[in-house]
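Computed from the coordinates by the stated procedures, all read-outs in this text should not be read as laboratory data. The structure displayed is predicted, hence computed values, not measured ones. No Cβ is skipped: glycine too gets one built from the backbone with ideal geometry, and neighbour counts run over all protein chains shown.
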Amino acid sequence: MIEFPNISPEIFTISLGGFDFSLRWYAISYIAGFIVALYIMKFFVRRDHLWKYSSPPMEIDQTDDILTYLIFGVILGGRLGYVIFYNFDYYLLNPIDILRIWDGGMSFHGGFTGVVLSLIYYCSRNSIQIMPAADLLALASPPGLLFG
């Protein structure tokens with residue numbers, strides 16, 4: 001039988017003032033996914049001929065802005081999804097532990113829901129059509145899913 005390799009989830013850890021700060025492989029996958037998604041969105045927004053009426057859903061600088069909303073959507077939605085779907089009884093008794101993100105706990109479907117809600121919020125706030133923006137996001141999402 002082939003044994004599963006024992007790989008530490010932490011790339012490195014720094015101790016400061018009695019606290020340990022770790023950079024984890026999973027965080028790197030999130031960061032890489034967001035960076036690649038940003039480049040893909042900018043790539044497609046620059047190509048007017050790909051969009052209906054030669055009009056991309058947003059301007060180039062708006063891709064940076066929407067990425068901020070998407071990051072918050074993934075993190076908040078993923079964490080709340082984990083809390084609600086996987087360990088609700090525990091967090092109901094210990095609500096302060098919801099903030100303990102360093103202990104782990106994210107859910108894909110919560111992150112997806114957070115992204116959808118943040119996309120709708122950003123588009124409605126900036127007068128952007130939701131469906132073409134969702135198409136752009138659908139083009140940019142697969143590398144992040146692959147890395148995760």
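Between the DSSP loop rule and a limit of at most 15 other Cβ atoms within 10 Å, which trypsin sites (Lys or Arg not before Pro) in the stretch 73-148 are left? Let's see the in-between values first.
Working: sites: Arg79, Arg100, Arg125; in loops: Arg100.
When the trypsin sites (Lys or Arg not before Pro) of the stretch 73-148 are filtered for loop state and at most 15 Cβ neighbours within 10 Å, Arg100 remain.
With a 10 Å radius around each residue's Cβ, average the other Cβ atoms per peptide and rank 65-71, 80-86, 10-16, 50-56, highest first.
Details: 65-71: 18.6, 80-86: 16.9, 10-16: 9.9, 50-56: 12.4.
For the peptides 65-71, 80-86, 10-16, 50-56, the packing ranking is 65-71, 80-86, 50-56, 10-16.
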Once both label points are put 7 Å beyond Cα along the C-beta direction, the Leu23-Phe88 separation in nm becomes 3.8 nm
Local net charge near Met106, Cβ-Cβ under 13 Å (Lys/Arg +1, Asp/Glu -1)
+2
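Which length gain, in nm to one decimal place, applies between Phe12 and His109 when the Cα-Cα distance is subtracted from 0.36 nm times their residue separation?
Working: separation 97, 0.36 × 97 = 34.92 nm, distance 2.90 nm.
Length gained between Phe12 and His109: 32.0 nm.
Apply the membrane-span-like helix rule to the chain: whole DSSP H runs, Cα extent along the own long axis of at least 27 Å, mean Kyte-Doolittle hydropathy at least 1.6. List the helices found. Write out the running numbers ahead of the final one.
Working: long enough: 25-45 (30 Å, 1.71); 60-86 (38 Å, 0.97).
The answer, listed by residue number, is 25-45.
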Quick one: plug the Kirkwood hydrodynamic radius of the chain (C-alpha pairs) into Stokes-Einstein at 37 °C, 0.692 mPa s, and report D in µm²/s.
190 µm²/s
